[in-house]
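Peer 1: Before I ask anything, here is the structure I am working with.
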Amino acid sequence: MTSPDQIAARRGWMSTLARAPAERLAALWEASALPSPEEPGGYEWLRRPESGAVMLRGRAGAVGAPFNLGEMTVTRGALRLASGEVGHAWVQGRDKRKATLAALADALMQTGAAREVETAILSPLREEAGARAEARAARAAATKVEFFTMVRGEDG
(Lines give C-alpha, C1' and ligand atoms only; values in the text may rest on other atoms or scores of the structure.)
Protein backbone atom coordinates (compact mmCIF):
# COMPACT_ATOMS: atom_id res chain seq x y z
CA MET A 1 0.00 0.00 0.00
CA THR A 2 1.18 3.52 -0.72
CA SER A 3 1.35 5.86 2.27
CA PRO A 4 0.58 9.60 2.16
CA ASP A 5 4.29 10.29 2.77
CA GLN A 6 5.28 8.20 -0.26
CA ILE A 7 2.69 9.99 -2.39
CA ALA A 8 3.97 13.39 -1.24
CA ALA A 9 7.58 12.40 -1.93
CA ARG A 10 6.73 11.17 -5.43
CA ARG A 11 4.71 14.32 -6.12
CA GLY A 12 7.76 16.35 -5.09
CA TRP A 13 10.29 14.61 -7.34
CA MET A 14 7.88 14.54 -10.29
CA SER A 15 7.31 18.28 -9.86
CA THR A 16 11.07 18.88 -9.75
CA LEU A 17 11.54 16.88 -12.95
CA ALA A 18 8.64 18.57 -14.74
CA ARG A 19 9.85 22.09 -13.89
CA ALA A 20 13.52 21.47 -14.67
CA PRO A 21 15.03 23.02 -17.78
CA ALA A 22 15.27 20.25 -20.40
CA GLU A 23 18.92 20.98 -21.23
CA ARG A 24 19.94 20.87 -17.58
CA LEU A 25 18.10 17.60 -16.95
CA ALA A 26 19.79 16.04 -19.98
CA ALA A 27 23.23 17.33 -18.93
CA LEU A 28 22.88 15.97 -15.39
CA TRP A 29 21.68 12.62 -16.74
CA GLU A 30 24.61 12.32 -19.16
CA ALA A 31 27.08 13.22 -16.40
CA SER A 32 25.65 10.54 -14.09
CA ALA A 33 26.21 6.78 -14.04
CA LEU A 34 22.47 6.18 -14.55
CA PRO A 35 21.39 3.98 -17.46
CA SER A 36 21.02 5.73 -20.78
CA PRO A 37 17.44 6.08 -22.04
CA GLU A 38 18.69 4.76 -25.37
CA GLU A 39 19.94 1.56 -23.70
CA PRO A 40 17.99 -1.35 -25.22
CA GLY A 41 16.08 -3.64 -22.88
CA GLY A 42 16.18 -1.32 -19.86
CA TYR A 43 12.49 -0.49 -20.10
CA GLU A 44 9.41 -0.88 -22.27
CA TRP A 45 7.00 1.85 -23.23
CA LEU A 46 3.50 1.68 -21.83
CA ARG A 47 2.72 5.00 -23.53
CA ARG A 48 5.33 6.55 -25.78
CA PRO A 49 5.81 10.30 -25.27
CA GLU A 50 3.04 12.18 -27.01
CA SER A 51 2.17 15.86 -27.07
CA GLY A 52 -1.23 17.37 -26.52
CA ALA A 53 -2.94 20.28 -24.81
CA VAL A 54 -4.45 20.76 -21.39
CA MET A 55 -6.87 23.49 -20.34
CA LEU A 56 -5.57 25.80 -17.64
CA ARG A 57 -8.15 27.09 -15.19
CA GLY A 58 -7.87 30.08 -12.95
CA ARG A 59 -9.74 31.98 -10.24
CA ALA A 60 -9.79 35.75 -9.82
CA GLY A 61 -8.08 36.51 -6.53
CA ALA A 62 -7.82 32.75 -5.89
CA VAL A 63 -11.38 32.78 -4.52
CA GLY A 64 -13.62 33.69 -7.44
CA ALA A 65 -15.47 31.40 -9.78
CA PRO A 66 -13.17 29.23 -11.92
CA PHE A 67 -12.68 30.24 -15.54
CA ASN A 68 -10.78 28.79 -18.51
CA LEU A 69 -7.52 30.68 -18.77
CA GLY A 70 -6.18 29.00 -21.92
CA GLU A 71 -4.43 25.93 -23.19
CA MET A 72 -0.88 24.72 -22.59
CA THR A 73 1.05 22.13 -24.57
CA VAL A 74 2.25 19.13 -22.56
CA THR A 75 4.05 15.90 -23.34
CA ARG A 76 3.30 12.77 -21.37
CA GLY A 77 4.74 9.28 -21.29
CA ALA A 78 4.78 6.11 -19.22
CA LEU A 79 7.29 3.28 -19.13
CA ARG A 80 7.99 0.08 -17.20
CA LEU A 81 11.45 -0.97 -16.12
CA ALA A 82 12.54 -4.56 -16.68
CA SER A 83 12.20 -4.99 -12.89
CA GLY A 84 8.53 -3.94 -13.05
CA GLU A 85 8.48 -0.37 -11.67
CA VAL A 86 6.37 2.08 -13.69
CA GLY A 87 7.43 5.67 -14.32
CA HIS A 88 5.20 8.50 -15.53
CA ALA A 89 5.94 12.00 -16.75
CA TRP A 90 3.96 15.08 -17.70
CA VAL A 91 6.15 17.98 -18.87
CA GLN A 92 5.34 21.37 -20.35
CA GLY A 93 6.02 21.73 -24.05
CA ARG A 94 6.80 19.21 -26.77
CA ASP A 95 10.14 17.84 -25.56
CA LYS A 96 9.84 14.05 -25.84
CA ARG A 97 13.39 13.49 -24.57
CA LYS A 98 12.65 15.42 -21.39
CA ALA A 99 9.46 13.36 -20.89
CA THR A 100 11.50 10.17 -21.39
CA LEU A 101 14.14 11.22 -18.85
CA ALA A 102 11.50 12.32 -16.33
CA ALA A 103 9.58 9.03 -16.66
CA LEU A 104 12.79 7.01 -16.37
CA ALA A 105 13.83 8.99 -13.28
CA ASP A 106 10.38 8.46 -11.74
CA ALA A 107 10.67 4.71 -12.27
CA LEU A 108 14.25 4.56 -10.95
CA MET A 109 13.22 6.50 -7.82
CA GLN A 110 11.11 3.46 -6.94
CA THR A 111 14.13 1.12 -7.06
CA GLY A 112 17.45 0.70 -5.29
CA ALA A 113 18.86 3.41 -7.58
CA ALA A 114 16.79 6.09 -5.80
CA ARG A 115 19.75 7.45 -3.83
CA GLU A 116 21.82 7.81 -7.00
CA VAL A 117 18.97 9.59 -8.83
CA GLU A 118 18.47 11.87 -5.83
CA THR A 119 22.18 12.74 -5.64
CA ALA A 120 22.94 13.05 -9.36
CA ILE A 121 19.70 14.57 -10.67
CA LEU A 122 17.13 15.76 -8.14
CA SER A 123 19.32 17.53 -5.56
CA PRO A 124 21.11 19.73 -8.12
CA LEU A 125 17.79 20.57 -9.81
CA ARG A 126 16.21 21.54 -6.47
CA GLU A 127 19.20 23.69 -5.49
CA GLU A 128 19.16 25.48 -8.85
CA ALA A 129 15.39 26.04 -8.62
CA GLY A 130 15.85 27.49 -5.12
CA ALA A 131 18.58 29.82 -6.36
CA ARG A 132 16.35 31.02 -9.22
CA ALA A 133 13.50 31.66 -6.76
CA GLU A 134 15.81 33.62 -4.43
CA ALA A 135 17.10 35.73 -7.33
CA ARG A 136 13.54 36.44 -8.45
CA ALA A 137 12.57 37.41 -4.88
CA ALA A 138 15.59 39.71 -4.61
CA ARG A 139 14.66 41.46 -7.87
CA ALA A 140 11.11 41.91 -6.60
CA ALA A 141 12.31 43.17 -3.19
CA ALA A 142 14.42 45.82 -4.92
CA THR A 143 11.22 47.40 -6.24
CA LYS A 144 9.42 47.41 -2.88
CA VAL A 145 8.16 50.80 -1.75
CA GLU A 146 7.77 51.53 1.95
CA PHE A 147 4.90 53.84 2.83
CA PHE A 148 4.63 55.59 6.15
CA THR A 149 2.37 58.20 7.68
CA MET A 150 3.58 61.28 9.42
CA VAL A 151 1.45 62.49 12.32
CA ARG A 152 0.68 66.19 12.24
CA GLY A 153 0.09 68.20 15.34
CA GLU A 154 -0.02 67.07 18.92
CA ASP A 155 -2.33 64.72 20.69
CA GLY A 156 -4.37 66.69 23.05
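Peer 1: In debye, nearest 20: dipole of the chain around its Cα centre with unit charges on the Cβ of K, R (+) and D, E (-)?
Peer 2: For the chain, the charge dipole is close to 500 debye.
Peer 1: Would you mind computing Rg(Cα) / (2.2 N^0.38 Å) for the chain, counting N as its residues?
Peer 2: 1.44
Peer 1: I'd like the orientation of helix 22-31 relative to the chain: the angle between its Cα long axis and the longest Cα principal axis, in ° from 0 to 90, rounded to 10.
Peer 2: Its long axis makes an angle of about 50 degrees.
Peer 1: Compute the accessible area per residue over the chain, keeping the other protein chains in place, probe 1.4 Å, unit Å².
Peer 2: Per-residue accessible area for the chain comes out at 68 Å².
Peer 1: Given H placed on each backbone N at 1.01 Å, which residues far from Ala89 in sequence or on other chains put an amide H within less than 5 Å of it?
Peer 2: Gly77
Peer 1: Would you mind calculating the gained length between Gln92 and Val151 on full extension (0.36 nm times residue separation, minus the Cα-Cα distance), in nm to one decimal?
Peer 2: 16.0 nm
Peer 1: So, one more: With the dipole of the range 66-156 worked out from charges on the C-beta (+1 for Lys and Arg, -1 for Asp and Glu) around the Cα centre, which of Leu108, Val74, Thr149 lies farthest toward the positive end?
Peer 2: Val74
Peer 1: Something else about it: Within the range 64-124, what whole-number % of the accessible surface is contributed by carbon and sulfur, with the 1.4 Å probe and all protein chains included in the calculation?
Peer 2: C and S atoms contribute 52 percent here.
Peer 1: Calculate the all-directions average of the projected area of the range 62-144's alpha-carbon convex hull, and give it in nm².
Peer 2: That works out to 8.7 nm², a quarter of the Cα hull's surface.
Peer 1: What value, in deg cm²/dmol to 500, does the helix sum -39500 (n - 2.57) over DSSP H runs of n ≥ 4 give at 222 nm once divided by the residues of the chain?
Peer 2: My calculation for the chain gives -12500 deg cm²/dmol from helical runs alone.
Peer 1: Would you kindly state how much longer the chain becomes between Ala137 and Met72 on full extension, computed as 0.36 nm times their sequence separation minus their alpha carbon distance, in nm to one decimal?
Peer 2: Gain on extension, Ala137 to Met72, equals 20.8 nm.
Peer 1: Can you give me the orientation-averaged projected area of the convex hull built on the Cα atoms of the range 1-81, in nm²?
Peer 2: About 8.4 nm², averaged over all directions.
Peer 1: What is the calculated FRET efficiency for Thr2 to Lys144, with r their C-beta to C-beta distance and R₀ = 41 Å, to the nearest 0.05?
Peer 2: 0.40
The values are calculated or read from the model by the stated rules, or taken from the named source; none is laboratory data. Quick caveat: nothing in here was measured; it's all calculated off a predicted structure. Glycine gets a Cβ as well: all are built from the backbone with ideal geometry, and neighbour counts include every protein chain shown. Areas reflect the complete protein model, heavy atoms only, side chains present, ligands, DNA and RNA absent. Shrake-Rupley method; radii C 1.70, N 1.55, O 1.52, S 1.80 Å.
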